[in-house]
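Please treat every number below as a calculation from the coordinates, not as lab data. Fair warning: this is a prediction, and the values are worked out from it, not measured in the lab. Glycine also receives a Cβ, built like all others from the backbone with ideal geometry; neighbour counts cover every protein chain displayed.
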Amino acid sequence: MNIHEYQAKALLRSYGIPVSDGRVVLKAEEAKTAAGELDGPLWVVKSQIHAGGRGKGKFVEPEAGEKGGVRLAFSVEEAAEFARQMLGRTLVTVQTGAAGKQVNRIYIEDGSDIERELYLALLIDRKSSRVSIVASTEGGMDIETVAHETPEKILTITIDPATGLQDFHGRRVAFSLGLKGNQVKQCVQIVKKLYQLFVDKDMDMLEINPFCVLKDGNLKLLDAKMGFDGNAIYRHPDIAALRDETEEDPKELAASKFDLNYIALDGEIGCMVNGAGLAMATMDIIKLYGAEPANFLDVGGGATKEKVTEAFKIITSDPNVKGILVNIFGGIMRCDIIAEGVIAAVKEVGLKVPLVVRLEGTNVQLGKDIINKSGLNVIAADDLSDAAQKIVKAVKG
């Protein structure tokens, strides 16, 4: 689960980590009052969407102006005007895709006198199964670009969970960033507090870009991006309350409410599979035979008829889907349950695209009989390769 920048900064502030003072704006008429509560003389007006690259992004609507999603204002009136221009508009960045995201929130904060921009992040390192600290002198840039072009400028430190974070970790970060004197002490304290926040809230990513040295010599976190482990959200009702469902794909949101593992993709063949590994294999073989999967969907080993019905409805709600492949290996999941769910879903939402079903495993013959006697126009497949070829042929003609 992701949260907005202004929510992330509130969490940072609660741990005593230095961030700028700011106000969130939901309505254009509130912007002038919000900006007036800040000292100035510089205000930063930021679009709040769950995507990076906002400053370099472009708005779809010309009414929003030619500037990006992060703008500098030199008066309360200008800050209010920028907020008015951006609210309700669609911002396209490198991370949103061509469709962009609608800006429903604006964050106005005090400007800062910046001397240097650095990069700092904490994340889960899958290779070491530990929390890692990533730091770089190249702040303000996409870390992927830095990693590709100048990987030597990135420091990565893994934290042993048996000992936890130690002061020397913070000092290593400070020295790698070229910090000196009192800045080293500040950095050690900031890294310590970030690590505590990361662990306390079950995060899987905490990115600060830029992490800044101000001209007065102090350190400040000018941006913050946080991601939380969805499997641990139940332990943090305060974090769950920060969820903004308008930022999520409606299909993925609907799937989460039925405990379905669904990720929307850009292809034309919808997939319903049980088991993550089989789902990946199904997507791969669809690509092998010349088409693109429209989604990743794992209904799980304990799916009910109702969950299968919802899964089918989610797939068919995607206008890009030109065909559907159901690929079930019945171990824990019974093939007859899948068959009943597919039939129930088709009767409820209708079937307007080709449907290929491959069943194997527990109660496979019963499942096939249920589908064969349903009167549905379903294409049967003997194995995965056969199923993929048939659905691609049906979609491609």
Q.
Rounded to the nearest 5, what % of DSSP beta bridges with both residues in the range 250-396 are antiparallel?
A. 20 percent
Q: Return the calculated 222 nm mean residue ellipticity for the chain, to the nearest 500 deg cm²/dmol, obtained by summing -39500 (n - 2.57) across DSSP H runs with n ≥ 4 and dividing by the residue count.
A: -10500 deg cm²/dmol
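Hey, can you rank 322-329, 37-44, 6-13, 229-236 by average C-beta count inside 10 Å, highest first?
Sorting 322-329, 37-44, 6-13, 229-236 by mean packing, highest first, produces 322-329, 6-13, 37-44, 229-236.
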(Q) Suppose a student asked you for the relative contact order of the chain, using Cα pairs under 8 Å spaced at least 6 residues apart; what percent would you report? (A) 12 percent
Q | 25 °C / 0.890 mPa s Stokes-Einstein diffusion coefficient of the range 314-390, Kirkwood radius on C-alpha pairs, µm²/s | A | 195 µm²/s
Q: Between residue 313 and residue 366, take the C-beta separation as r, use R0 = 30 Å, and let me know the FRET efficiency to the nearest 0.05.
A: 0.80
Q | Neighbour-limited loop hits for chymotrypsin sites (Phe, Trp or Tyr not before Pro), the range 44-115 (at most 12 other Cβ within 10 Å; DSSP other than H, G, I, E, B) | A | 74
Q | Mean projected area (nm²) of the alpha-carbon convex hull when the range 1-91 is viewed from all directions | A | 6.3 nm²
(Q) Quick check on the range 89-177: what are the equivalent-ellipsoid semi-axes from the Cα gyration tensor, as sqrt(5λ), descending, whole Å? (A) 29, 18, 15
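Quick one: which of 371-377, 265-271 comes out on top by average Cβ neighbours within 10 Å, and what's the full order, highest first?
265-271, 371-377
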**Q.** Theoretical FRET efficiency, 1/(1+(r/R0)^6), r = Cβ-Cβ of residue 374 and residue 284, R0 22 Å, to 0.05
**A.** 0.15
Q) Which part of the range 187-224 falls in the paramagnetic zone of residue 166, meaning amide N under 19 Å from the point 7 Å along Cα-to-beta-carbon? A) 187-196
Q: Indicate, rounded to the nearest 5 percent, the antiparallel portion of the DSSP beta bridges found entirely in the chain.
A: 75 percent
Q: Can you tell me the relative contact order of the range 105-252? Whole percent, Cα pairs under 8 Å, sequence separation 6 or more.
A: 25 percent
**Q.** Translational diffusion coefficient (Stokes-Einstein; Kirkwood radius from C-alpha pairs) of the range 142-183 at 25 °C, 0.890 mPa s, in µm²/s
**A.** 204 µm²/s
Q | Net lengthening on full extension, residue 232/residue 154 (0.36 nm per residue, minus Cα-Cα) | A | 25.1 nm
**Q.** Rg/Rh (Cα only; Kirkwood hydrodynamic radius) as it applies to the range 146-288
**A.** 1.08
(Q) Quick check: convex hull of the Cα atoms in the range 39-152, volume per residue, rounded to a whole Å³? (A) 140 Å³
Q.
Can you compute the charge dipole magnitude of the chain about its Cα centre, using +1 on each Lys and Arg Cβ and -1 on each Asp and Glu Cβ, nothing else charged? Give it in debye, rounded to the nearest 20.
A. 320 debye
**Q.** Tail weight of P(r) past 16 Å, computed on alpha-carbon pairs of the range 56-106, percent
**A.** 33 percent
Q) What residues of the range 85-117 lie in the reach of a label at residue 215, counting those whose backbone N is under 15 Å from a point 7 Å from the Cα along Cα→Cβ? A) 111-117
Q: Report, largest value first, the span of the C-alpha coordinates of the range 250-396 along each principal axis, in whole Å.
A: 33, 33, 29
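Whole number please: convex hull volume per residue of the Cα set in the chain, in Å³?
On the way: hull volume 66.0 nm³, N = 397.
Convex hull volume per residue, Cα atoms: 166 Å³.
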Q: Could you tell me the distance between the Cα centroids of the range 88-131 and the range 218-279, to the nearest Å?
A: 17 Å
Q) Cα to Cα, under 13 Å, and not fewer than 8 places away if on the same chain: which aspartates and glutamates meet these conditions relative to residue 393? A) 268, 292
